[in-house]
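Chemist: Dropping the structure in here first, questions after.
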Amino acid sequence: MLQHISVLTNTPWWLSQNGAFPGVVVYKKPLRWAHPLPLKFDHKYNVTGPGRQGTFLCTERRHPQGRNSKKREAVQQNVDLPLVLPKQKKKPYPIPLKKIQQAAKADKKLAEVGIEKKLEPPKNGLLVPSLVPAAYELLDDWKLFIKGLAQLLHFIPVHACSECSQIHVAQSGHEIQDCLGPTNSSRRSFHSWVTGSINDVLIPIESYHMYDPFGTRIKHETRFNYDRIPAVVELCIQAGVDLPGYPSRRRTKPIRMMGKKVIDIGGLVEEPRPTVDTNSAIMDLDTHRSFERFAPPLESEVPRIAQETIDAYEKVKWGVTKLMKKYTVKACGYCSEVHVGPWGHNAKLCGEFKHQWRDGKHGWQDATVDEVFPPNYVWHVQDPKGTPLRSALKRFYGKAPAVVEVCMQAGAQIPQKYKPMMRLDIVLPESEESRLVA
């Protein structure tokens, strides 16, 4: 409801009575309210003319945002399923290309004048002290997450397709014809199900460990001189975690850059030799043989472990997001390769779209959280022991991250943000009734 109030200090008293300004309340003296009104003065008009002089203040009345006011919030009921990016195209840039070009032009202009590029930690090689505790917390949550997921897989069956990358969490594989494997035509796009493992649920994303990320780049011939560890662990090491067997250079002086050229990195320092066995140091942080290392728990403890695992999953995702806001992580725009550091490596291992044009080199761009810690969406099953999912009812099924689906079937409470995509409020019709649904 709109209300217009005008305050006229030198207006005749009869101005509002002869219909000069209908719907406008005219006051001869300034008004004083004992209580503040929820009014906002939007416009101010100066009116002049015969018998019309004064200032009009037009206001808009808005409902107070108090405890009794009803605030409408948009609640999503169902959301679309995640899109599958085509392999015949490059991934979209997380940062618009126009902004990247503008930043490059600005750096080039400064370099032409001879002005060094201003770098803030950690872009200049120094640590961010406020993120060191967050890196240690992320590493602890990562350990708890791997342990809990390995224990749950002793009770929750997981099936993986031997021809493509899809998995299914249920007592038996589904019958949806969406296999894109090399021999899918002979199987009419049905999947060829085998027993899955933890690497099928949690996609292993590894990165090269470098003692000095700002030092010499990894070449194709020297790629075997560097260990490959989980990208989350490498991100924690570069953020300040001291892990035995995997040292990292801690600078005390910042590096200097002019444009794209590094003019001072503090010299090249030889990497110290590890004094402990690197395999034992990384064992608790990797999924290798985790199904054998962690014994199955008691059946009564499965719901508690499932809840701890889903909580650790959310903490890991939140910690990776927090660290990636400061520390640079690169990802290939064509394949799933990830490198933690200011720039990518030069190993020629890319075999995706148009790799011949690039001589096997990766097309590096800024990475997203889903590329470092992929969700791996699977079909949501309302009844794991019921009939398998069918292609005729495909549009009624929802999806969820594989870890969320495993924890839900183990008895954990699912966060609210995953429920719209899982489509829990949709009643599955019979095959004959699906044709009659609008």
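The values are calculated or read from the model by the stated rules, or taken from the named source; none is laboratory data. Just so we're clear, the structure is a prediction, and the values are computed from it rather than from any experiment. With ideal geometry, Cβ positions are generated from the backbone for all residues, glycine too; neighbour counts draw on all protein chains shown. Ligands, DNA and RNA are stripped out before the accessible areas are found, and what is left, the full protein with its side chains, is counted by its heavy atoms. Shrake-Rupley method; radii C 1.70, N 1.55, O 1.52, S 1.80 Å.
Chemist: Once phi is turned into θ = phi - 60°, what whole-Hz ³J(HN,Hα) does the Karplus curve with 6.51, -1.76 and 1.60 give for every residue of the range 85-95, x standing for Gly and Pro?
Modeler: 5, x, 7, 8, 9, 7, 5, x, 6, x, 9
Chemist: Another question, if that's okay. Could you work out how far apart the two model spin labels at Asp359 and Val262 are, taking each label as a point 7 Å from the Cα in the direction of the beta carbon, and quote it in nm?
Modeler: In this crude label model, Asp359 to Val262 measures out at 2.1 nm.
Chemist: Using the structure shown, select from Lys118/Lys354; Lys89/Lys330; Lys147/Lys354; Lys118/Lys325; Lys98/Lys123; Lys91/Lys143 the pairs with a Cα to Cα distance greater than 29 angstrom.
Modeler: Over 29 Å Cα-Cα: Lys118/Lys354; Lys147/Lys354; Lys91/Lys143.
Chemist: Here's another thing I want to ask about it. Of Thr368, Thr287, Thr216, Thr252, which has the most accessible area with a 1.4 Å probe, and how do the rest follow in descending order?
Modeler: The ranking, largest first, comes out as Thr252, Thr216, Thr368, Thr287.
Chemist: Convert each backbone phi in the range 375-387 into a coupling constant with the Karplus relation 6.51 cos²θ - 1.76 cosθ + 1.60 (shift: θ = phi - 60°), then list the ³J(HN,Hα) values in order as whole Hz, x for Gly and Pro.
Modeler: Once θ is set to phi - 60°, the couplings for the range 375-387 become x, 6, 6, 10, 5, 7, 10, 6, 10, x, 9, x, 5 Hz.
Chemist: Please tell me the relative contact order of the range 288-374 in percent, rounded to the nearest whole number, where contacts are Cα pairs under 8 Å and at least six residues apart.
Modeler: 26
Chemist: Could you list which residues have their amide H under 5 Å from that of Met258, counting only those 5 or more apart in sequence or on another chain, with H placed in the peptide plane?
Modeler: Long-range HN contacts for Met258: Lys117, Ile263.
Chemist: Using a basic spin-label model with each label point 7 Å from the Cα along Cα→Cβ, how many nm lie between Ala111 and Val79?
Modeler: 3.9
Chemist: What is the magnitude of the charge dipole of the range 245-328 about its Cα centre, with +1 placed on the Cβ of each Lys and Arg, -1 on the Cβ of each Asp and Glu, and no other charges, expressed in debye to the nearest 20?
Modeler: In debye, rounded to 20, the range 245-328 gives about 980.
Chemist: Chymotrypsin sites (Phe, Trp or Tyr not before Pro), restricted to the range 182-217: which are DSSP loop and have at most 16 other Cβ atoms within 10 Å?
Modeler: Passing both the DSSP loop test and the Cβ count: Tyr211.
Chemist: Would you list, by chain and number, the lysines whose Cα falls below 21 Å from the Cα of Lys419, excluding same-chain residues fewer than 8 positions away?
Modeler: In chain and number order, the partners are Lys315, Lys317, Lys385, Lys394, Lys399.
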